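Student: Structure provided below as structure tokens; questions to follow.
What follows draws every value from the coordinates through simple rules; no lab data is involved. Keep in mind that this is a model prediction, so the values were computed, not measured. Please note: Cβ atoms are built from the backbone with ideal geometry, for glycine as well, and neighbour counts cover all protein chains shown.
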Amino acid sequence: MSNENVSGESPASQLKQFEVGDLAVYPAHGVGMIEAIESRIVNGEEHDFYIMKVLENNMVIMIPTRNVDSVGLRYIIKKEDIPKVYDVMRVKHPTIADNQTWNRRYREYMEKIKTGSLYDVAEVFRDLSLLKFTKDLSFGERKLYDTAQVLLVKELSTAKEIDEETVLTEIESFFIREEDEDSDDPDNPDAVETPEN
């Protein structure tokens, strides 16, 4: 039995409502701004659309207002939920890359990115970041890694109201290899001291 409508409200009243100027997240495209709400005639019927411009590339997307849930349009993550996204990236369990073919991994990663969930995007970024330590990423893997990174950095920097470079430094710090940290340890006999210029 579905529990999607446990509040007793009609489905229409539960739809997410956005206003002009609101920031929202569209799956696989990331953060955008609702620039207008327009009515258009489609197949002889009038429908309302959110006109959203994606911040990363200025792409304009028309989203039927009644379909926001089915297409996955959602609000920006709340500041108090950001630590949970960071926790996802800190988990260093064996990745799905260890025992699957590249085609299957690629499909799974794409499905996660398409969900629009920042937690799923964080998983993709984490898995590919860890995979980079064991092998060179293929062209397809590198594209997925870059996509996940852009989606993460843009939304996290928007939610935290800080610059993207700071967020990128934060999330990349989760994947510094232990041997890289040891190389700066003065108590490590294998540490290599680099001369100052």
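Student: Which three lengths, in whole Å and largest first, does region 38-91 cover when its Cα atoms are put on their principal axes?
Tutor: So the three principal-axis extents are 51, 23, 17 Å.
Student: How large is Rg/Rh for region 79-177, to two decimals, with Cα atoms and a Kirkwood Rh?
Tutor: My calculation puts Rg/Rh at 0.95.
Student: Report the local net charge at LEU55: Lys and Arg +1, Asp and Glu -1, summed over other residues whose C-beta lies under 12 Å from its C-beta.
Tutor: Local charge sum for LEU55: -2.
Student: What lysines sit close enough to LYS78 to cross-link, taking a C-alpha to C-alpha distance under 23 Å and skipping anything fewer than 8 places away on the same chain?
Tutor: LYS16, LYS53, LYS112, LYS114, LYS154, LYS160
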